[in-house]
Amino acid sequence: MAVPEGEPVREWDRQGRLLAAGFAWKEPRLWVFVCAILLVFVAFGLVLFGLMGASTRHYSVWSSSSFWSGLLLTVLTGVVWWKYRLRDAAVIFEREGRISTPHGFPGYRRRRQVEGHHSHIENIQAERSSNGWDVLMYSHRGNIVCFGTTWHYGHAHKIAKQLNLALTELRVSLSENWRDRGAVVMPSFDDDDLPTIN
């Protein structure tokens, strides 16, 4: 299944400072895929039953209705698959330190923010999982947050690289801002504000 490419998210203020950076993409919904496969098997069975009834001399209303029901179920399955197979996903790093996920996490769809500051992020990378490929964020203390799941390594790798790029751009923008103010280094943040999901 081909997954559409994502797009970088950047937001600037009137002075040209980078306020937020991130990446938005689409990822597959596994439950829609499983339901579509099951419905196609049911539809195939109905069509087959209808064709078997039509090929005998005992053609009945049941065989005709099962044939047309199977075809209708096939069309409806295709429509549902096309409309609901992908869901929106995004991660946005904000200048103040927040890590926003406007569309939630895999398994935590109502969760819209990672607790902690993005200065604690050490790396974001793609790793193999039981459902395909996960995009994982690692903090300095070893905490792990899953930002997304996809079936293709290339897609997960691109998401991870784009998120690392967004984070780097935001960190460079922050360091330039602090350098312009005359500060030698950026202020440190409390180590208890780690990006974790409880």
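The values are calculated or read from the model by the stated rules, or taken from the named source; none is laboratory data. Note that this is a predicted model, so its numbers are computed, not measured. Cβ coordinates were reconstructed from backbone atoms using ideal geometry, including for glycine residues, and neighbour counts include every protein chain displayed. Side chains included, ligands, DNA and RNA excluded: accessible areas come from the protein's heavy atoms. Shrake-Rupley method; radii C 1.70, N 1.55, O 1.52, S 1.80 Å.
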In the range 115-125, residue modelled with the highest pLDDT [restricted to those that are over 13 Å from Cys146 (Cβ atoms) and open to solvent by 60 Å² or more (accessible area, probe 1.4 Å)]: Glu122
Subset of the range 1-41 [open to solvent by less than 50 Å² (accessible area, probe 1.4 Å) and within 18 Å of Leu86 (Cα to Cα)]: Val3, Gly6, Phe23, Ala24, Trp25, Glu27, Pro28, Val32, Ala36
Number of positions in the range 74-91 that are closer than 14 Å to Phe23 by Cβ and open to solvent by 30 Å² or more (accessible area, probe 1.4 Å): 1
Pairs with Cβ under 6 Å, 6+ apart, first in the range 81-100 and at positive phi, second open to solvent by 40 Å² or more (accessible area, probe 1.4 Å) and among the hydroxyl-bearing types (Ser, Thr, Tyr): none
Out of Arg128, Arg141, Arg112, Arg98, sole residue that is open to solvent by 70 Å² or more (accessible area, probe 1.4 Å) and closer than 14 Å to Ala166 by Cβ: Arg98
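Matching residues to (1) among the aliphatic types (A, V, I, L, M); (2) farther than 26 Å from Leu38 by Cβ:
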| residue | (1), (2) |
| --- | --- |
| Leu72 | yes, no |
| Lys83 | no, no |
| Val91 | yes, yes |
| Ser100 | no, yes |
| Gln113 | no, yes |
| Met137 | yes, yes |
| Ile144 | yes, yes |
| Phe147 | no, yes |
Among the candidates Leu73, Leu167, Leu136, Leu86, residue that is closer than 25 Å to Asp13 by Cα and either more than 13 Å from the chain's Cα centre (by Cα) or of a type in the set (A, V, I, L, M) (or both): Leu167
Hits in the range 1-46 (condition: of a type in the set (Lys, Arg) and at pLDDT 80 or above): Arg10, Arg14, Arg17, Lys26
